[in-house]
Amino acid sequence: MIDSSVVSKNNVITQKKGNIVSDMDGETVMLSIEKGNYYNLGILGGVIWSLIEEPIKIDDLIGKLMSEYEVQQQECEEEVLSFIYALYDEDLILLDM
């Protein structure tokens, strides 16, 4: 479950440095040097990862994805917030409260 007191559409996020990221057959995979963990972000997760290379407001990120893909706003918001929370929970992003 997403803790809305931690992650909301008003937060600004960016990648946390110190990860090795690569493309494997169209899917983004990442190795956290700090934790020693491997992550498969998938195709869409890789798109999100590239969009948060520079700080971006989550609401703007959702807007970019909605303009690129055919998706309902509520579904996009729920999926993006869930993915961002998972990245936050693994300490892979910086989140400006």
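List of remarks:
- Meets criteria (open to solvent by less than 40 Å² (accessible area, probe 1.4 Å), more than 13 Å from Val12 (Cα to Cα), within 12 Å of the chain's Cα centre (by Cα) and of a type outside the set (Val, Ile, Thr)) for Leu92: yes
- As a summary of the residue check, Tyr39 satisfies the conditions (1) hydroxyl-bearing (Ser, Thr, Tyr); (2) more than 17 Å from Asp91 (Cα to Cα); (3) surrounded by 15 or more Cβ atoms within 10 Å (Cβ to Cβ) except for the one numbered (2).
- For segment 3-11, the criterion of a residue being surrounded by 13 or more Cβ atoms within 10 Å (Cβ to Cβ) and free of Cβ contacts under 8 Å to residues at least 40 places away in the same chain is satisfied by no position.
The values are calculated or read from the model by the stated rules, or taken from the named source; none is laboratory data. This structure is a prediction, so every number in the text was calculated from the model and none was measured. We place every Cβ from the backbone using ideal geometry, glycine too, and count neighbours over all the protein chains shown. Remember, those area values only see protein heavy atoms, side chains included, never the ligands or the DNA or RNA. Shrake-Rupley method; radii C 1.70, N 1.55, O 1.52, S 1.80 Å.
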